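Working notes, structure below.
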Amino acid sequence: MPKVIVFGSVNMDLSVDAPRVPAAGETLAGSGFITAAGGKGANQAVAAARLGADVRMVAAVGADGFGEELTAGLAAAGADVSLVRRVAGETTGVAVILRTDGENRIVLHAGANHVLTADDVVADLRRIGEKDDVFVTQGECDPLATEAALRAARELGLYTIYNPAPARPVPDDLWPCVDLVCLNETECQVMCGVLPVDDATCLAAARRLRELGAGAVVITLGAAGSFALGADGETIRMPAAPATVVDTTGAGDTFIGALAAGLARSFSLAESMSWGALASGIAVSRLGAQPSIPTAAEVEALR
């Protein structure tokens, strides 16, 4: 089975529940404080690994306690962490998360996530990448390194998945290096100028991303499920799995990790999206990012 190679962020999430968003200068009493392993790259790697993929993580953490804990957590989930660098003089990335009414507001400190250069990541891909492996990356690491990684992955014959989160403009010639772009509503508006609010606008946005050069497009819509336009022009509408929402942190990453694991297992795009919907439905019913991600057995029990 092809490998799933993830280049992305590794963060410690510091999360607290609040009755509402505080006003400027206001202090509110919070509750339910947790520290949990996170970072979009690490979340997606853990999801793919727990769902049965052979995962290799390319990342950097600080030479500190958070870095040691997060690297150990990735390994415990089944990801190969031999390419996770521990960087002296730099802190591990941190996300400060405010939970209000099941939604999240997040402040990121990149730390070591921006240390790896384009040369570093490309060298790693050339060392471990093999034709038909699945490569996944996001927007929380150095932009130039991310762009170089997508180009190198395409040259090596890997299937590339790009999650532009946080969203930012990319060079026009990068889009043809993306086999599948997976993004949410707000990211979609930034990347192509169309806010997807219904099937018609989802299709318009997906067509615009295809025109830019991307292969398949998957738009995640929270409780409304997901929408896809395949590379062959097929449209797919996937409902969200029924769930009692406790915490949405990491739900989108769980979906993407499941998508990558499904594609590595030769699932169709629709089958992979269904796998992702079930996995993220379980994830939102639990607290935390990586602690909420289910195993393959848990997802299979719902099929």
Distance histogram for region 111-153 (every C-alpha pair counted, 10 angstrom bins, percent rounded to whole numbers): 30, 57, 13, 0
Computed log₁₀ I(q)/I(0) - Debye formula, equal Cα scatterers, no solvent, region 1-138, q 0.19 Å⁻¹: -1.04
Viscosity 1.306 mPa s, 10 °C: Kirkwood-radius Stokes-Einstein D of region 72-125 over Cα pairs, µm²/s: 116
Built amide H within the under 5 Å cut-off of residue 5, gap 5+: 56, 134, 135, 136
Computed helical MRE - 222 nm, the chain, DSSP H runs ≥ 4 contributing -39500 (n - 2.57), nearest 500: -10500 deg cm²/dmol
Diffusion coefficient, µm² s⁻¹, Stokes-Einstein with Kirkwood Rh over alpha-carbon pairs of the chain at 20 °C and 1.002 mPa s: 113
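For the peptides 161-168, 262-269, 122-129, what is the packing order when you average, over each peptide's residues, the other Cβ atoms within 10 Å and list the highest mean first?
Working: 161-168: 21.1, 262-269: 19.0, 122-129: 17.2.
Top to bottom by mean Cβ count within 10 Å: 161-168, 262-269, 122-129.
Express as a percent, rounded to the nearest 5, the fraction of DSSP beta bridges in the chain (both residues included) that run antiparallel. Intermediate values should be presented prior to the final figure.
On the way: 21 of 53 bridges.
In the chain, approximately 40 percent of DSSP beta bridges are antiparallel ones.
Assuming R0 = 41 Å, can you tell me the calculated FRET efficiency for the pair residue 14 and residue 208, based on Cβ-Cβ distance, to the nearest 0.05? Could the numbers behind the result be given before it?
Values: r = 37 Å, r/R0 = 0.90.
After rounding to 0.05, the efficiency reads 0.65.
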Surface/4 estimate of mean projected area, convex hull on alpha-carbon atoms of region 1-80, nm²: 6.9
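Every read-out reported here was derived from the displayed coordinates using simple, explicitly stated rules and does not represent laboratory data. None of the values given here were measured: they were computed from a predicted structure. Cβ: placed from backbone, ideal geometry, glycine included. Neighbour counts: every protein chain shown.
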